[in-house]
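Chemist: Have a look at this one.
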Amino acid sequence: MTTAGRLTNSNEERRAGAQVRRSIVKRDRRACEDTARHPWRRRLAASVVACLVMAPMTALAVLTPAGAASPPVTNELHAGSALQPGQSLVSRGSLYRLSMLRDGNLVLYKQNRVTWVSGTAGHTDAVSELERDGVFTITQDGRSLFATPAYANHASARYLFLESNGNIVICDDHANVLWSIDRPPTVQVGDTGANVLALQRRLTTLGYWLGSPDGQFGDSTQQAVWAFQKAAGQSRDGVVGPVTWRALDLGVEPKPRPASGNLIEVNLNSDLLMIMRNGKLWETLNTSTGGGYTYTSDGVTSVAITPQGVFHIYAEINGIDVDSLGTLWRPKFFVGGYAIHGDSSVPPVPVSHGCVRVSNEAIDWIWANNVAPIGTEVWVF
């Protein structure tokens, strides 16, 4: 591990390594309380310190360029460095190996058994790189094949680290995990179990209504996920993968307009219905408002828009209301024939004739808890 071409071994880097170790020792004192609450963070921080203190030259190893005679053996990739085809990261103890194959696939091996793949095979001589903003990418001729999420809140140095247990993490220099393959698996409609239950509890804590968490990924959970993805500015696919899990970790919440008292806010840009209690955001629902299309009813042509302004609930029907445009479940009218009402179809995009649709389960909850009685103020903007 000391031959030229394998490691950068200058006096300048020795000084840099010493400075890094000193900063980590100081930082470790500040992080003591936090890492005690998070065992996985304590394990990671200990691994980083061990690398820097016990084997500083390995921790500061620089990967050799493509075509070098002998790629180095290291367990981390620093921001700005690339893993070229044929190169690997090897965990301490050598049980795991993360290899960039020449067919474009990034593969994690436990000894000789594949445990994870990037799914980018078929792109010869693709390169994986940890960019300076902390995003890990696989590219071929400038085209992105794989990329981890970007986290603007973390401006410090970053590195990708292959832990001795086979977990791959991207961290900042405070050992905060920005991305990991050891996060909960992707969940979606139809899934059940502990991961779904954890998702439901997190959404409930953040105020995205879904009823009582039960470990079943059904319609109400999908509605809550859509609402969350809208608030986070994500693709509204209803699938909870690494990007959505990370946003859940960050605790993303919608931003209602400042208000006092009890009222309902409908944001037409994000298509979210926000219920305010005593001027504070209480619950958030997915909604589908006016789709902007032209339609004809009873010989009259109109545009499907939701009126904007400050209104009040002035009438309600505790049951089905049928008119020429369709069926409204337990509507609460706030202006003219426009109502907040239940529907069996509430997609994450605007499709209504102008009403504010929520799920049937959500409107039942609104009625059961007297959330929007006659006189409730409704802001539509």
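Chemist: Mind telling me which of the residues P331, P348 ends up being surrounded by 14 or more Cβ atoms within 10 Å (Cβ to Cβ) and touching a Phe, Trp or Tyr at 6+ places or on another chain (Cβ under 6 Å)?
Modeler: P348
Chemist: Could you tell me whether T296 is β-branched (V, I, T), assigned to a strand (DSSP E or B) and either farther than 30 Å from P258 by Cβ or touching a residue at least 40 places away in the same chain (Cβ under 8 Å) (or both)?
Modeler: It is true that T296 is β-branched (V, I, T), assigned to a strand (DSSP E or B) and either farther than 30 Å from P258 by Cβ or touching a residue at least 40 places away in the same chain (Cβ under 8 Å) (or both).
Chemist: Looking at W226, is it modelled with pLDDT of 95 or more, buried (at least 22 other Cβ atoms within 10 Å of the Cβ) and out of contact with any helix residue (DSSP H, G or I) (no Cβ under 8 Å at 6 or more places or on another chain)?
Modeler: The answer is yes for W226.
Chemist: Just give me the residues in the stretch 181-229 being in contact with a Phe, Trp or Tyr (Cβ under 6 Å, 6 or more places away or on another chain), assigned to a helix (DSSP H, G or I), within 18 Å of V349 (Cβ to Cβ) and of a type outside the set (F, W, Y), in sequence order.
Modeler: Of everything in the stretch 181-229, those that are in contact with a Phe, Trp or Tyr (Cβ under 6 Å, 6 or more places away or on another chain), assigned to a helix (DSSP H, G or I), within 18 Å of V349 (Cβ to Cβ) and of a type outside the set (F, W, Y) turn out to be A224, A227.
Chemist: Give R246, R236, R257 a once-over and let me know the one that is of a type in the set (D, E, K, R) and either assigned by TED's automatic domain parsing to the domain that holds A339 or in contact with a helix residue (DSSP H, G or I) (Cβ under 8 Å, 6 or more places away or on another chain) (or both).
Modeler: It is R236.
Conditions (1) assigned by TED's automatic domain parsing to the domain that holds T296; (2) small (G, A, S); (3) part of a helix (DSSP H, G or I); (4) surrounded by 14 or more Cβ atoms within 10 Å (Cβ to Cβ), marked per residue:
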residue	(1), (2), (3), (4)
N318	yes, no, no, no
T327	yes, no, no, no
G354	yes, yes, no, yes
A362	yes, yes, yes, yes
I366	yes, no, yes, yes
P373	yes, no, no, no
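Chemist: May I pose another question? What do you reckon, is R92 in the same structural domain as F161 (by TED's automatic domain parsing), out of contact with any Asp or Glu (no Cβ under 7 Å at 6 or more places or on another chain), modelled with pLDDT of 90 or more and not aliphatic (A, V, I, L, M)?
Modeler: Yes: the conditions hold for R92.
The values are calculated or read from the model by the stated rules, or taken from the named source; none is laboratory data. Just so it is clear, the model here is predicted, and its values are computed rather than measured. Note: ideal-geometry Cβ built from the backbone for every residue, glycine included; neighbour counts use all protein chains shown.
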